[in-house]
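The values are calculated or read from the model by the stated rules, or taken from the named source; none is laboratory data. As the structure is a computational prediction, the values presented were derived from the model and not from experiment. Quick reminder, even Gly has a Cβ in these numbers, built from the backbone with ideal geometry, and neighbours come from all protein chains shown.
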Amino acid sequence: MNSLVRPALVEKIFGFYNQLSSQSDGETKYLEKELKRVQMAINNLLKLIEQGQTSEALVEQLSRREREAALLKQELDRLTARTAITLTRKDVNRYLDDLYERFKDKENEESIKPLVQQFVDNVVVFEDEIKIVLKIFLVTDGGGGPYFIITKYVPHLPHR
């Protein structure tokens, strides 16, 4: 890989990862605040039930709040697992090294095709240039996303 391009790519990937981490921090704080609010509502409902103010509506409301708390805990656990993964510039470089090794054998079309499909979102051929849209996934929670897109325009050299 071009020695001038690689550091910029590493920084772009690393910056994207940091941006996702910051967003996750905000989401985590919000979910923790919501969970406290719901837990307080549950406690208040339980106090009313302890005082003998039991009704179907009260029991239904308690049940709804408990389901809401369970969903908030589940989402909080998912976010916590996602942010537990720490990515360093060294990790990004190692990943790029691995990709380079996999792309190095240009003659083996069968090994390159799945790699290209993994990273190329689309290609549009214009009269004077080719637009290549690349996608780079940062798998942080076992899922397929999030990712960012790089659009590259390459001068088109018509066939003669």
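Would you mind finding the one in 68, 75 that is surrounded by 12 or more Cβ atoms within 10 Å (Cβ to Cβ), modelled with pLDDT of 85 or more, of a type outside the set (A, V, I, L, M, F, W, C) and within 30 Å of residue 135 (Cα to Cα)? Result of the check over 68, 75: 75.
Could you tell me whether any residue of the stretch 118-129 is at pLDDT below 75 and under 22 Å from the mean Cα position of the chain (by Cα)? There is at least one residue in the stretch 118-129 that is at pLDDT below 75 and under 22 Å from the mean Cα position of the chain (by Cα). Being basic (Lys, Arg), modelled with pLDDT of 80 or more, under 30 Å from residue 119 (Cα atoms) and in a helix (DSSP H, G or I) is true of residue 12. Cβ-Cβ contacts under 8 Å between residues 6 or more apart (or on different chains), taken from a first residue in the stretch 19-32 that is closer than 16 Å to residue 69 by Cβ to a second residue that is charged (D, E, K, R) and surrounded by 13 or more Cβ atoms within 10 Å (Cβ to Cβ), are listed as 31/75.
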